[in-house]
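Trainee: Structure incoming, see below.
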Ligand SMILES: Cc1ncc(C[n+]2csc(CCOP(=O)(O)OP(=O)(O)O)c2C)c(N)n1
Ligand SMILES: [Mg+2]
């Protein structure tokens, strides 16, 4: 049905746990792919698709849907797992990730799979795409919003800052961007490769509404998205502080996990830890 899938906080946490387990199984089967960023974004994707966004998995092209632009396309395992759990396509298909002929390629391709609004993989372009969509929606008085997931590493690219200027110029209050501030990129820590801080001050000085959150706190994610909806004359950047590889200690904070899959032993260990976390969530009030 067109509208929102209105899960409770606890249900969203369980869904994020399911998505993490799916990502581990997908990457193990594919024997390649991006682990750390995908695992770190599970809470944000679960909150967006199972609470915040208006969408309809049975009618992916519903005109009134909110649009999600994924800019850092390499984290698509978390996106695919979220879409499958929401009902966009059968969950069995998740295990075809990166296989020849699969609709689930290593980077998302618009037109191949329902629910994908933009082709990505080449970093730095998503915020521009999202701003363009939001500009159209504003000019045509549409009620739908644009959500853009962007990474910290891709903020090395000048195009991101061009998009930031444009979105502020056109007062795109219908645009909510969420930055995966996980401090790593392909070759190390962001602050070593190309210092980005002070990110909040930079976005504020570019004319954006900026909200900083713990990107694993589902309530904070939902609240920030709701607050962004109440600001009409500025785009919002939610800087979500996340832990790459969250919940899997051998993976957490390590850029070496940016782009490699787990071995069978590592995957078994991860599933065991995630099952323990699941029990803890189930016991919460
Ligand atoms: C235009 C472009 N340049 C370089 C790359 C290669 N690349 C792939 S991922 C990545 C690191 C990006 O950092 P981030 O998205 O923060 O990585 P994560 O946090 O997911 O590890 C790079 C440089 C690319 N995909 N596109
Ligand atoms: Mg990063």
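Every number here is computed from the coordinates shown, using simple stated rules; none is lab data. Note that the coordinates shown come from a computational prediction; the quantities given were computed from them, not determined experimentally. Glycine gets a Cβ as well: all are built from the backbone with ideal geometry, and neighbour counts include every protein chain shown.
Trainee: Since residue 135 meets every condition but one in (1) more than 16 Å from ligand 2 (Cβ to nearest atom); (2) crowded, with 22+ Cβ neighbours inside 10 Å; (3) part of a helix (DSSP H, G or I), which condition does it not meet?
Mentor: (2)
Trainee: Select from segment 276-285 the residues that are without any contact (Cβ under 8 Å) to a residue 40 or more places away in the chain and part of a helix (DSSP H, G or I) and write down the one among them that is nearest to residue 251 (Cα to Cα).
Mentor: Start the filter on segment 276-285 by keeping residues that are without any contact (Cβ under 8 Å) to a residue 40 or more places away in the chain, which leaves 276, 279-280, 283, 285.
After this cut, where a residue has to be part of a helix (DSSP H, G or I) as well, the list is 276, 279-280, 283.
Working: 276: 17, 279: 21, 280: 21, 283: 26 Å.
Filtering segment 276-285 for residues that are without any contact (Cβ under 8 Å) to a residue 40 or more places away in the chain and part of a helix (DSSP H, G or I), the one nearest to residue 251 (Cα to Cα) comes out as 276.
Trainee: To continue, here is another question. Mind listing whichever residues of segment 165-177 are over 11 Å from residue 127 (Cβ atoms) and out of contact with any helix residue (DSSP H, G or I) (no Cβ under 6 Å at 6 or more places or on another chain)? If you could, list the steps in order and put the result at the bottom.
Mentor: Residues of segment 165-177 that are over 11 Å from residue 127 (Cβ atoms), as a first pass: 168-171, 173-174, 176.
Residues satisfying the conditions are 168, 169, 171, 173.
Trainee: Suppose the filter is more than 30 Å from residue 269 (Cβ to Cβ), in contact (Cβ under 8 Å) with a residue 40 or more places away in the chain and out of contact with any strand residue (DSSP E or B) (no Cβ under 8 Å at 6 or more places or on another chain); does residue 17 pass it? Let's see the steps before the verdict.
Mentor: Details: more than 30 Å from residue 269 (Cβ to Cβ): no; in contact (Cβ under 8 Å) with a residue 40 or more places away in the chain: yes; out of contact with any strand residue (DSSP E or B) (no Cβ under 8 Å at 6 or more places or on another chain): yes.
When the stated conditions are applied, residue 17 does not pass them.
Trainee: Next question, about the same structure. Do we have residue 98 as part of a loop (DSSP other than H, G, I, E, B) and within 16 Å of ligand 1 (Cβ to nearest atom) here?
Mentor: On the way: part of a loop (DSSP other than H, G, I, E, B): yes; within 16 Å of ligand 1 (Cβ to nearest atom): yes.
So residue 98 passes the test.
Trainee: Among the residues that make up segment 199-207, is at least one of them closer than 21 Å to residue 145 by Cβ, within 16 Å of ligand 1 (Cβ to nearest atom) and not in a helix (DSSP H, G or I)?
Mentor: no
Trainee: Okay, next question. Taking residue 245, is it under 27 Å from residue 52 (Cβ atoms) and part of a loop (DSSP other than H, G, I, E, B)?
Mentor: Values: under 27 Å from residue 52 (Cβ atoms): yes; part of a loop (DSSP other than H, G, I, E, B): yes.
Taking the combined requirement at face value, the residue satisfies it.
Trainee: For segment 1-32, which positions are part of a loop (DSSP other than H, G, I, E, B) and within 16 Å of ligand 1 (Cβ to nearest atom)?
Mentor: The first filter runs over segment 1-32 and keeps only residues part of a loop (DSSP other than H, G, I, E, B), leaving 1-2, 5-8, 31-32.
Of everything in segment 1-32, just one residue is part of a loop (DSSP other than H, G, I, E, B) and within 16 Å of ligand 1 (Cβ to nearest atom), namely 32.
Trainee: Being assigned to a helix (DSSP H, G or I) and touching a residue at least 40 places away in the same chain (Cβ under 8 Å) is the filter here, so list the residues in segment 248-274 that pass it. First the steps, then the outcome.
Mentor: Our first condition is that a residue be assigned to a helix (DSSP H, G or I); within segment 248-274, this holds for 255-257, 264-274.
Correct list: 255, 257, 264, 267, 270, 271, 274.
Trainee: Away from ligand 2 (no atom under 16 Å from the Cβ) and either out of contact with any helix residue (DSSP H, G or I) (no Cβ under 9 Å at 6 or more places or on another chain) or in a strand (DSSP E or B) (or both) - does that describe any residue in segment 33-53?
Mentor: Taking segment 33-53 as the starting set, the residues that turn out to be away from ligand 2 (no atom under 16 Å from the Cβ) are 46-53.
Those still in the list that are either out of contact with any helix residue (DSSP H, G or I) (no Cβ under 9 Å at 6 or more places or on another chain) or in a strand (DSSP E or B) (or both) too: none.
Within segment 33-53 (the criterion being away from ligand 2 (no atom under 16 Å from the Cβ) and either out of contact with any helix residue (DSSP H, G or I) (no Cβ under 9 Å at 6 or more places or on another chain) or in a strand (DSSP E or B) (or both)), the answer is no, since none of the residues qualifies.
Trainee: Still on this structure, I have one more. Against the definition (closer than 21 Å to residue 12 by Cα and in contact (Cβ under 8 Å) with a residue 40 or more places away in the chain), how does residue 219 come out, yes or no? Spell out how you get there, then give the answer.
Mentor: On the way: closer than 21 Å to residue 12 by Cα: yes; in contact (Cβ under 8 Å) with a residue 40 or more places away in the chain: yes.
Against the criterion (closer than 21 Å to residue 12 by Cα and in contact (Cβ under 8 Å) with a residue 40 or more places away in the chain), residue 219 qualifies.
Trainee: Output yes when any residue across segment 153-162 is within 16 Å of ligand 1 (Cβ to nearest atom) and in contact with a strand residue (DSSP E or B) (Cβ under 6 Å, 6 or more places away or on another chain), and no when none is.
Mentor: So in segment 153-162, the residues within 16 Å of ligand 1 (Cβ to nearest atom) come out as 153-162.
Adding the requirement that they be in contact with a strand residue (DSSP E or B) (Cβ under 6 Å, 6 or more places away or on another chain) leaves 153.
Checked segment 153-162: at least one residue is within 16 Å of ligand 1 (Cβ to nearest atom) and in contact with a strand residue (DSSP E or B) (Cβ under 6 Å, 6 or more places away or on another chain).
Trainee: Which ones in segment 142-164 are within 16 Å of ligand 2 (Cβ to nearest atom), in contact (Cβ under 8 Å) with a residue 60 or more places away in the chain and outside any helix (DSSP H, G or I)?
Mentor: Residues satisfying the conditions are 148, 149, 150, 151.
Trainee: While we're looking at this one, here's another question. If you check residue 111 against the conditions, is it surrounded by fewer than 24 Cβ atoms within 10 Å (Cβ to Cβ), within 17 Å of residue 228 (Cβ to Cβ), more than 10 Å from ligand 1 (Cβ to nearest atom) and within 21 Å of the chain's Cα centre (by Cα)? Before you say what the answer is, go through the steps one by one.
Mentor: Details: surrounded by fewer than 24 Cβ atoms within 10 Å (Cβ to Cβ): yes; within 17 Å of residue 228 (Cβ to Cβ): no; more than 10 Å from ligand 1 (Cβ to nearest atom): yes; within 21 Å of the chain's Cα centre (by Cα): yes.
So residue 111 does not fit the description; no.
Trainee: With respect to residue 253, is the statement that it is more than 14 Å from ligand 2 (Cβ to nearest atom), within 28 Å of residue 122 (Cβ to Cβ) and surrounded by 14 or more Cβ atoms within 10 Å (Cβ to Cβ) true?
Mentor: Numbers: more than 14 Å from ligand 2 (Cβ to nearest atom): no; within 28 Å of residue 122 (Cβ to Cβ): yes; surrounded by 14 or more Cβ atoms within 10 Å (Cβ to Cβ): yes.
Criteria not met by residue 253.
Trainee: Now for a different question. Report, by residue number, each residue of segment 230-247 that is more than 18 Å from the chain's Cα centre (by Cα) and touching a residue at least 40 places away in the same chain (Cβ under 8 Å). Show your work before the answer.
Mentor: Taking segment 230-247 first, the residues more than 18 Å from the chain's Cα centre (by Cα) are 230-234.
231, 232, 233, 234 - these are the residues of segment 230-247 that are more than 18 Å from the chain's Cα centre (by Cα) and touching a residue at least 40 places away in the same chain (Cβ under 8 Å).
Trainee: Taking the condition of being away from ligand 1 (no atom under 14 Å from the Cβ), out of contact with any strand residue (DSSP E or B) (no Cβ under 9 Å at 6 or more places or on another chain) and in a helix (DSSP H, G or I), how many residues in segment 165-195 meet it?
Mentor: Going through segment 165-195 one residue at a time, the tally reaches 4.
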